[in-house]
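Nothing in this text is a laboratory measurement; each read-out follows from the coordinates by a stated rule. Every value quoted in this text rests on a predicted model; they were computed, and no experiment measured them. Every residue, glycine among them, receives a Cβ derived from its backbone with ideal geometry; neighbour counts consider all protein chains shown.
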Amino acid sequence: MQPINHATITTSGVVRPTLVEVNLDRLEENYRAIQAKVAPAKVMPILKANAYGHGMVEVAKKMVSLGAEYFGVAVLEEGIFLREQGIQTPVLVLGGILGNQVPLFLKYGLTLTASSVEKLDQVEQAAQALGVEAKVHLKIDTGMERIGVHYYNAESLLDASLKCKHVQIEGIFSHFANADAADLTHARLQLERFHEVLRFYERRSLPAPTRHMANSAAILQLPESSFDLVRPGILLYGVYPSPECQPSVQVQPALSWKSHVVYFKVVLPGHPVGYGSTWESDHMVRMVTIPVGYGDGYFRSMSNKAQVIIHGKKYPVVGRIAMDQIMVNIEWDSAYNDDPVILIGSDGEQVITCEDLAAWAGTIPYEILTNINTRVPRLYIETSHL
Ligand SMILES: *Cc1c(COP(=O)(O)O)cnc(C)c1O
C-alpha cells in the first residue's frame with residue numbers, strides 16, 4: 001500500500017492522530033462491481049457532501065481514471081469546487097436552482113436541473129444573453145414531492161423544452177423515495193409514472209434524452225430502473241443504503257476512521273467520568289482518552305453506547321462524548337499512549353461499521369459519513385496495480 005498524503009491538518013508534516021483513511025482500491029472495486037451490474041447503463045458517481053465524507057477531489061480524480069463520464073453533485077458550489085480543482089468531466093447539479101445562479105452554472109460549464117417551465121425559461125434567457133448553450137436535465141417528480149415537475153403536469157415542461165434554442169436538453173430524470181424498502185410497491189409505482197412521462201417522446205417519434213432514475217437502492221433492488229445511467233452514492237463508497245436492501249452487488253467500505261490513545265489513567269469506584277457524570281464504575285478500571293469528539297462528527301448521542309477497537313478487541317465509550325475527546329474503559333487490559341484505536345473499520349477479527357455508529361447514534365449511515373468534518377484529515381491509500 002502506497003499512502004498519498006492529502007491531509008488538510010498537519011503539524012510539521014505529522015498528520016493529526018485522528019484521521020480518516022480512504023482506500024481508493026476499494027472505491028475502484030465498488031465502481032467496477034456497480035458498472036458490471038448495470039451495464040450497458042453508465043455510472044454517474046455522486047460526489048455531493050464531500051463525496052459522502054471521502055473527499056470530493058480525490059474521489060473525482062479516481063473516478064476519472066476509471067473512465068467515469070459524468071458526475072453528480074447536489075449544489076452549485078460543489079460543482080464550482082470541482083472545476084476549480086481542475087476536474088473537467090461533465091457535472092450535473094441535482095438540486096434546485098435560483099435564477100441568479102444560472103450565469104455561474106454557465107460560466108463553469110455545469111449542467112443544470114430544470115424542474116419547471118419558469119426555471120427552463122431562466123436558463124434559456126441567460127444562455128442567450130451569454131451566447132452559450134446550456135446543458136439541462138429535466139427533473140420529473142414521480143412521488144417524492146421534492147423538486148421536479150409533477151409527472152401528471154410534465155407535458156408542459158417537455159413541450160417547452162422542445163422549443164428551447166439555447167438549451168440542450170441532455171437528460172431527463174426522476175428520484176425514488178422508497179427504493180431502499182423491503183416493500184417496493186411505491187418504487188414500482190414511481191417507475192411506472194416515469195415510463196408514462198417518457199412516452200411523450202415515443203408518441204412524437206423523438207429520441208428521448210438520457211434517462212436516469214436509479215440511486216444505490218434501486219441499483220440493488222430494481223434493475224429494471226437502470227435506463228441509460230445510474231446515480232450511485234452510498235453504494236460506491238461500499239455501504240448499503242438500508243438493512244432491508246437486497247445486497248445484490250458486493251461492495252466493501254472504502255472509509256476507515258482511526259485515532260490513537262493520548263492518555264491513560266486508573267479510575268476508582270465512586271469517581272464518575274465526563275460531563276454530567278453519567279457513568280461510573282463499581283470497581284477500579286483502566287481508562288484511556290482518545291482525541292475525537294462531536295466536534296469531529298463523532299455523534300454525542302452515542303455517549304455510553306459506542307464501542308472502539310484497541311488491539312483487536314472492542315471496548316465501550318463511557319461517559320459523555322465531549323467536543324474533542326472520548327473516554328474508553330479497557331477494564332484491566334493494557335493500552336499505551338499512541339496505540340491505534342479504530343472508530344470505524346476492522347482490526348483482526350473485530351469490525352465496527354458505519355451502520356454500527358448509525359444504530360448507536362439513532363441515525364442512518366449516510367449521516368455518519370457526511371458528518372465526519374474537515375477537522376479530520378483524509379489519508380488516501382492505493383496500490384499502484386490492483
Ligand atoms: C443523493 C442522490 C443520489 C444518490 O443516492 P444514494 O442513496 O446515496 O445512492 C442519487 N440521486 C439524487 C437525485 C440524489 O440526490
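If you place +1 on the Cβ of every Lys and Arg and -1 on the Cβ of every Asp and Glu, how big does the dipole about the Cα centre of region 255-352 come out, in debye to the nearest 20?
Values: 8 positive and 10 negative charges, 43 e Å.
Roughly 200 debye for region 255-352.
Which cross-chain or sequence-distant (5 or more) residues have an amide H under 5 Å from the amide H of residue 321, H modelled 1.01 Å from N in plane?
Here 303, 304 satisfy the definition.
Summing Lys, Arg as +1 and Asp, Glu as -1, what charge do residues with Cβ under 11 Å from the Cβ of residue 376 carry, residue 376 excluded?
Residues close to residue 376 contribute a combined charge of +2.
Please get the size of the charge dipole for the chain, origin at its Cα centre, with Cβ charges of +1 on Lys and Arg and -1 on Asp and Glu, quoted in debye to the nearest 20.
Using Cβ point charges on Lys, Arg, Asp and Glu, the chain gives about 560 debye.
Please report the orientation-averaged projected area of region 24-230, defined via the convex hull of its C-alpha atoms, in nm².
Mean orientational projected area (region 24-230, Cα hull): 11.3 nm².
Please list, or write none, the aspartates and glutamates whose alpha carbon is within less than 16 Å of the alpha carbon of residue 119, excluding same-chain residues fewer than 8 places away.
By straight Cα distance, residue 119 reaches 133, 141, 155, 159, 170.
If each DSSP helix of 4+ residues adds -39,500 (n - 2.57) and the sum is divided by the residues in the chain, what number results at 222 nm, nearest 500 deg cm²/dmol?
Value at 222 nm, helices only: -8500 deg cm²/dmol.
Considering the convex hull of the alpha carbon atoms of region 255-352, report its projected area averaged over all viewing directions, in nm², one decimal.
Dividing the Cα hull surface by four gives the mean projection, 5.7 nm².
Residues with beta-carbon under 9 Å from that of residue 96, excluding residue 96: net charge, scoring Lys, Arg +1 and Asp, Glu -1?
Neighbourhood net charge equals +3.
Amide H of residue 167: which non-local residues (sequence gap of 5 or more, or other chain) have their own amide H closer than 5 Å, using H built in the peptide plane?
Those lying under 5 Å, H to H, from residue 167 are 134.
For the chain, treating each Cα as an identical point scatterer without solvent, what Debye log10 I(q)/I(0) comes out at q = 0.11, 0.12, 0.15 1/Å?
The Debye formula, applied to the Cα set alone, gives -0.83, -0.94, -1.27.
To the nearest Å, what is the center-to-center distance of region 22-61 and region 113-148, using C-alpha atoms only?
The two parts, judged by their Cα centres, are 26 Å apart.
Rounded if a/c is under 1.5, else prolate if a/b is larger than b/c, else oblate: which is region 26-69, with a ≥ b ≥ c the root eigenvalues of its Cα gyration tensor?
Prolate.
Given 252, 229, 113, which one lies farthest toward the positive end of the charge dipole of the chain, if we put +1 on the Cβ of every Lys and Arg and -1 on the Cβ of every Asp and Glu?
The residue sitting farthest along the positive end of the dipole is 113.
Could you work out how much longer the chain between residue 32 and residue 313 gets when fully extended? Use 0.36 nm per residue separation minus the Cα distance between them, nm to one decimal.
97.9 nm
Tell me the label-point distance for the pair residue 162, residue 118, using the 7 Å Cα-to-Cβ offset, in nm and rounded to one decimal.
The answer from the label model is 2.5 nm.
For the chain, with the dipole built from +1 on Lys and Arg beta-carbon atoms and -1 on Asp and Glu ones, taken about the Cα centre, which of 302, 383, 64 lies farthest toward the positive end?
Looking along the dipole axis, the top candidate is 64.
Answer with one residue from 88, 173, 126: the one whose Cα lies farthest towards the positive end of the charge dipole of region 24-230, charges on Cβ with Lys, Arg +1 and Asp, Glu -1.
88
Taking H as built 1.01 Å from N, whose amide H comes closer than 5 Å to the amide H of residue 260, not counting residues under 5 places away?
341
If you put +1 on each Lys and Arg Cβ and -1 on each Asp and Glu Cβ, how big is the dipole of region 109-251 around its Cα centre, in Debye rounded to 20? Intermediate values should be presented prior to the final figure.
Numbers: 13 positive and 17 negative charges, 56 e Å.
So the magnitude is around 260 debye.
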